[in-house]
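Input: a single structure, listed below in structure tokens.
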2 protein chains.
Amino acid sequence: MTPKKRTEIASLGQFGLIDLLTKEFPLRNASTLRAVGDDAAVIAPPAGEAMLCTTDSFYEGVDFDLTYFPLKHLGYKVVVAAVSDLLAMNATPSQITVSLGVSAKIPVEALQDLYEGIATACDELAVDLAGGDTRASMTGLVISVTALGHAPEGRIVYRSGAQQNDLVCITSNLGAAYMGLRLLEREKRVLAGLDNPEPQFAGYEYLLERYLRPRPRVDVLEALQEEGVLPTAMIDLSDGLSSDLMQLCRASKCGARIYLERIPLAKQTTALAEEMHLDPVTAALNGGEDYELLFTVPLAMQEQVARTGLVDIIGHITPESTGCRLVTPDGGEIALKAQGFPQDPA
Amino acid sequence: MTPKKRTEIASLGQFGLIDLLTKEFPLRNASTLRAVGDDAAVIAPPAGEAMLCTTDSFYEGVDFDLTYFPLKHLGYKVVVAAVSDLLAMNATPSQITVSLGVSAKIPVEALQDLYEGIATACDELAVDLAGGDTRASMTGLVISVTALGHAPEGRIVYRSGAQQNDLVCITSNLGAAYMGLRLLEREKRVLAGLDNPEPQFAGYEYLLERYLRPRPRVDVLEALQEEGVLPTAMIDLSDGLSSDLMQLCRASKCGARIYLERIPLAKQTTALAEEMHLDPVTAALNGGEDYELLFTVPLAMQEQVARTGLVDIIGHITPESTGCRLVTPDGGEIALKAQGFPQDPA
């Protein structure tokens, strides 16, 4: 992880640094009229479509730990996390801007790694880097990503459209990213102070992958469109199923029942949870950082949704007065709870 | 500055906090289709116009010191600073999103003060708060503001359009904000440890105003439009005249001559600089945070520019090979230098 060569940021100057970091970014979208190098990005929205904009910030020590988070992966992940908010509205991402706060301890080579990951994500998502800046921060690394996208107004899916009896759908097993984080944290503790630390990850590679390299679920949106399914409400799973479902229900003024045995868990999630004496369902409900999609569709769409092969139906929408509840196999009901704030660094 | 009542953020929960902070924000622009409360803001750009987007981040300890920076003023200033990038492209600001990183030491009342300042700026600029989030940070306060605006493509002014012999124009005296900062820093040092500190600001109120409450120069853009003047190139003065002029010249592939005796300095700037044994011209060239506009216009527009009564012509554009130079009253020439990076916390 430690780059061999170490160039001080100060040696390049502000112009030189931005040039170096952004020179490898080709522009892919005709809508990007002006990207890096002016006071603001200039974008030509497709005629008749709405623009969407979201900003996500990531703080060292809260959202990531550079002891074990490779910077290339971090660059990739922050773009996926920001774009995930656009996907959750059924929009097409088109541009990002990246604003960095860096302390003097970070060498240029580390920022190049970060930008390499950003470039990979931009490439996969066909998104343009359209601006941003790099500033001094007194403390750790801070990354703010603004993602811009577009969609025809009638295709935008809000959190607020869920209706009675709609099906509650998710796009993958949950809790794996959280267990990946717990594994990385455990190895960090165990190996602290050792000269040649050799972390033990065997058998849990999938969990690391889910935490370090989340997938943007463009494939799901495309598959739903092919099947003629427009979700009634959607949100991305960043805070955990429990908190995100509650947010969707709150915006839609409804309740929900989800069924414990229908929440998919990966084998590795269950295995590591057992090893660490944790409840894998709690990881799925409260772990967060899955960056999958949670959405609702009318009951009549059950077959079309199933045909995508990418979606699990885990419950249904109920009246607001009945709250958001998890139904256990014995028919018991447990009220869902949102995580507190400020969040634990976990 | 210390709020009397102190409510812990954790006591409200994340939903409650965002509701409390954003409830006082009316929507003013028909283009804001969806604001706070979903995964992303949704904006309908005016037909045929381009959208502009810029993000600025502000770090406690680098960009502001909460010992003397009132949070209401800070909220106002971060919006003006972000919007200033849009004004520098001759665009109409329409939405902002605000992403906060807050440590547990900050009470809810302090964030309410911050948002009161944000609301004042939104009101004055007729801009909508269209989204954002509040997260935990391990360290100090971090504020990221994304500003969105629009403009007909043909009216957008880039940094890159300056032509030979164009006039170099600025919109106010410079260096005052920097001297305001120096004054606040001096009083902080002098009064450190005193129980009842009484800072001495008499006679320097204008400098504090310029540092704590910069003006968005919408008036200048309107006046130029009334006179039929479209600048050939423009940038906002955030880093200091020297650095910003060099950036404009670099983008336009040209040089510039600016004349020392034409750079306007406020009386208070000169007086405090003298008192502190500083060079007021250096404050103007390198101080930064003026948030005024630096632009170029064709020579033939001199009269129209003068008629606005809001603009000083301080020099002209020269061939790229001649560099960016300051001409002293005795005819000497000094090469301008950009500030280094990372910037001093000053």
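Readers should treat all values here as calculations from the given coordinates under stated rules, not as data from a laboratory. Everything numeric here is computed off the predicted structure, so don't read it as measured data. Positions of Cβ are backbone-derived with ideal geometry, glycine not excepted, and every protein chain shown enters the neighbour counts.
Observations, loosely collected:
- Taking θ as phi - 60° and the Karplus parameters 6.51, -1.76 and 1.60, the scalar couplings of the stretch B:205-215 work out to 4, 4, 5, 4, 4, 5, 7, 7, 9, x, 9 Hz in sequence order, x denoting glycine and proline.
- Per principal axis, descending, Cα span of the stretch B:199-246 in whole Å: 46, 27, 13
- Inter-part distance, the stretch B:233-280 to the stretch A:27-84, computed on C-alpha centroids, equals 33 Å.
- Reduced Cα scattering model of the protein assembly as shown, Debye log10 I(q)/I(0), q = 0.06, 0.11 Å⁻¹: -0.36, -1.15
- Computed label-point distance, nm, for sites A:Ala104 and A:Ala10 using a 7 Å Cα→Cβ extension: 0.4 nm
- Computed from phi, the 3J(HN,Hα) profile of the stretch B:105-111 under the Karplus parametrisation 6.51, -1.76, 1.60 (θ = phi - 60°) reads 5, 8, x, 4, 4, 5, 5 Hz, with x in place of Gly and Pro.
- Amide H contacts for B:Thr232 (H built 1.01 Å from N in the peptide plane; partners 5 or more residues away or on another chain; cut-off under 5 Å): B:Thr296, B:Val297.
- Of the peptides A:234-245, A:289-300, the ranking by mean beta-carbon count within 10 Å, highest at the top, reads A:234-245, A:289-300.
- Overall Cα dimensions of the stretch A:63-203, principal axis frame, Å, largest first: 57, 37, 26
- If the convex hull is drawn through the Cα atoms of chain B, its volume per residue in Å³: 145 Å³
- Label points for A:Thr282 are taken 7 Å from Cα along Cα→Cβ. From this copy to the others they lie 6.0 nm apart, shortest first.
- Per-copy distances of the A:Gln302 label point, shortest first, in nm (7 angstrom along Cα→Cβ): 8.2
- Anisotropy class of the stretch B:1-83 from Cα gyration tensor, a/c 1.5 cut: oblate
- Residues whose amide H lies under 5 Å from that of A:Leu293, counting only those 5 or more places away or on a different chain, are A:Thr171, A:Leu237; hydrogens are built 1.01 Å from N in the peptide plane.
- Inter-copy label distances at A:Lys188 (7 Å, Cα→Cβ; nm, one decimal): 3.0
- Charge sum, other residues only, whose C-beta stays under 11 Å from B:Asp65's C-beta, Lys/Arg counted +1 and Asp/Glu -1: -2
- Average beta-carbon neighbours from other chains, 10 Å sphere, peptide A:141-149: 4
- Rounded Å value of the spacing that divides the Cα centres of the stretch A:124-162 and the stretch B:100-152: 17 Å
- The stretch B:46-88 - Rg and Dmax from Cα coordinates, angstrom: 13.8, 47
- Cα-based helix-to-principal-axis angle, A:13-22 vs chain A, degrees rounded to 10: 50 degrees
- Computed from point charges on the beta carbon alone (+1 for Lys and Arg, -1 for Asp and Glu), the dipole magnitude for the stretch B:1-137 about its Cα centre is near 320 Debye.
- Secondary structure note: in the stretch A:198-346, about 75% of the DSSP beta bridges are antiparallel.
- Calculated diffusion of the stretch B:169-278, Stokes-Einstein form, Kirkwood radius summed over Cα pairs, 20 °C and 1.002 mPa s, µm²/s: 131 µm²/s
- Helix-derived mean residue ellipticity, 222 nm - over the protein assembly as shown, DSSP H n ≥ 4, -39500 (n - 2.57), to 500: -10000 deg cm²/dmol
- When +1 charges are put on Lys and Arg Cβ atoms and -1 charges on Asp and Glu Cβ atoms, the dipole computed for the protein assembly as shown relative to its Cα centre reaches about 260 debye.
- Volume per residue of the C-alpha convex hull in the stretch B:114-182, rounded to whole Å³: 211 Å³
- Estimated FRET transfer efficiency (B:Ala47, A:Gln163; beta-carbon r; R0 22 Å; 0.05): 0.10
- A Förster radius of 45 Å, combined with the Cβ-Cβ distance separating B:Tyr259 from A:Arg28, puts the computed FRET efficiency at roughly 0.50.
- Summing +1 for each Lys or Arg and -1 for each Asp or Glu among the other residues whose beta-carbon sits under 15 angstrom from that of A:Pro46 gives -3.
- Listed by chain and number, the lysines whose alpha-carbon sits under 25 Å from that of A:Lys253, ignoring those within fewer than 8 places in the same chain, are A:Lys337, B:Lys23.
- Three-way shape label, the stretch A:206-340, alpha-carbon gyration tensor, a/c 1.5: oblate
- For A:Asp39, residues with placed amide H under 5 Å, excluding near neighbours: B:Arg159
- Mean Cβ count within 10 Å, highest first, over the residues of peptides B:118-129, B:307-318: B:118-129, B:307-318
- Couplings for the stretch B:157-169, taken from phi via the Karplus curve 6.51 cos²θ - 1.76 cosθ + 1.60 with θ = phi - 60°, read 10, 9, 6, 9, x, 5, 10, 2, 6, 4, 7, 9, 10 Hz in order; Gly and Pro are left as x.
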